[in-house]
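J.: Below is the structure I would like to discuss, written out as structure tokens.
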Amino acid sequence: MKAIISSLLLVSLMFMGAVSSVGQTPQKIDVGDFQVWKLQDTQMDMKLSMLSGVDPAEALKVNGGKDSQISPVNAFLVKTGKHTILIDAGIGNMKDGILEQMKMAGVEPSNVDLIFLTHLHPDHIGNLTSADGKRIFPNATIRLSQTESDFWVGNSEALPANQQGQSNQIKKVLEPYIQAKAYSPFSATDNLGEGIKAIAAYGHTAGHTIYSFTSKGSEFWCIGDLIHFGNVQFKLPKASVNFDGNGKQALESRLEFFSQAATKHVIVGGAHLANFYRLQKEGDSFNATAVK
């Protein structure tokens, strides 16, 4: 099923570098009684020149002397026993992307009943709606922060001119869910389900959100775009991407939640990270150990 993919997204991906589709087996971990899969939709060649707040020579050294990094575009699938949840939805139209990987995990799009969006950038909503305007997940309700929804789905004319086109594309993707009454932004006090919590991590976008899943003393965070360059930003967490909506706030969120994840021994998974990780703080840096 062909998904909507905007011309704005194509331009942004060309700026980042080559985009390739790679056949992958979804990576699975257990979090207490919850099952979690990392689904890789594609990967992008992201240039270190997109980083700010860091000495370019230091970033180059940490990245092994290479001026770019291959970063995945991930979504996550969580089965809690009561719900089958998709977190983010990739770019769309990728061979062997998240829709195929979901099937490897034994899940059809019709089985998904909740979709949590960390934010509304195009590489997180690409597999939601088919090119002919149909819901790819016909039984799912989309949940995201009210703040994020208000920013992008509110009055487009109130946005800066360079974001109005993106807002209109986002609305086009979401419209079938809105019309079906399957679009339900949440406030800070809303209950998302047993063992599930939304954590405001604003900065990358106006309402960027982390999702926490806790079962039997184990905890997993889906951290969205808190980090884009895994090779660099764990070691140099003050390095930021130059397309954060609010760079200062995004930096504060990254430092705060990396520290919290390290203290609480939380497993983290990101939209642009190659693995699941546990973090350990070392001075001003973080060591990231892959969780298998």
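J.: Identify all residues within region 44-98 that are part of a loop (DSSP other than H, G, I, E, B), of a type in the set (A, V, I, L, M, F, W, C) and out of contact with any strand residue (DSSP E or B) (no Cβ under 6 Å at 6 or more places or on another chain); write none if there are none.
T.: Passing the criteria: only VAL54.
J.: Follow-up. If you check LEU251 against the conditions, is it under 18 Å from MET50 (Cβ atoms), touching a residue at least 12 places away in the same chain (Cβ under 8 Å) and in a loop (DSSP other than H, G, I, E, B)?
T.: No: the conditions fail for LEU251.
J.: I'd like the full set of residues that are hydrophobic (A, V, I, L, M, F, W, C) and at pLDDT 95 or above, limited to region 173-204.
T.: Answer for region 173-204, where residues must be hydrophobic (A, V, I, L, M, F, W, C) and at pLDDT 95 or above: VAL173, LEU174, ILE178, ALA180, ALA182, PHE186, LEU192, ILE196, ALA198, ILE199, ALA200, ALA201.
J.: Mind checking which residues of region 197-230 are buried (at least 19 other Cβ atoms within 10 Å of the Cβ) and among the β-branched types (Val, Ile, Thr)?
T.: THR205, THR209, ILE210, ILE223, ILE227
J.: Do we find that GLY207 is of a type outside the set (Val, Ile, Thr), closer than 29 Å to GLY65 by Cα and outside any helix (DSSP H, G or I) in this structure?
T.: Against the criterion (of a type outside the set (Val, Ile, Thr), closer than 29 Å to GLY65 by Cα and outside any helix (DSSP H, G or I)), GLY207 does not qualify.
J.: Restricting the search to region 122-139, which residues are crowded, with 24+ Cβ neighbours inside 10 Å and more than 11 Å from PRO176 (Cα to Cα)?
T.: ASP123, HIS124, ILE125, GLY126, ASN127
J.: So, GLU194, is that one acidic (Asp, Glu), part of a helix (DSSP H, G or I) and surrounded by fewer than 21 Cβ atoms within 10 Å (Cβ to Cβ) or not?
T.: no
J.: Here is a check on your reading of the model: is VAL112 touching a strand residue (DSSP E or B) at 6+ places or on another chain (Cβ under 6 Å), crowded, with 16+ Cβ neighbours inside 10 Å and in contact (Cβ under 8 Å) with a residue 24 or more places away in the chain?
T.: When the stated conditions are applied, VAL112 passes them.
J.: Suppose we keep only residues that are of a type outside the set (S, T, N, Q), outside any strand (DSSP E or B) and within 19 Å of HIS272 (Cα to Cα) within region 22-43. Which one would you say is modelled with the highest pLDDT?
T.: It comes out as PRO26.
J.: Then there's this: Inside region 106-134, can you point out the residues that are touching a Phe, Trp or Tyr at 6+ places or on another chain (Cβ under 8 Å), within 22 Å of SER71 (Cβ to Cβ) and assigned to a loop (DSSP other than H, G, I, E, B)?
T.: THR118, LEU120, LEU128
J.: Mind telling me which of the residues ASP123, ASP150 ends up being within 16 Å of ILE98 (Cα to Cα), within 21 Å of the chain's Cα centre (by Cα) and charged (D, E, K, R)? Give the derivation first.
T.: Working: ASP150 fails: within 16 Å of ILE98 (Cα to Cα).
So the residue among ASP123, ASP150 that is within 16 Å of ILE98 (Cα to Cα), within 21 Å of the chain's Cα centre (by Cα) and charged (D, E, K, R) is ASP123.
The values are calculated or read from the model by the stated rules, or taken from the named source; none is laboratory data. What you are looking at is a predicted structure, and each value in this text was computed from that prediction instead of being measured. When we count neighbours, we look across all protein chains shown, and the Cβ atoms used for this are built from the backbone with ideal geometry, even at glycine.
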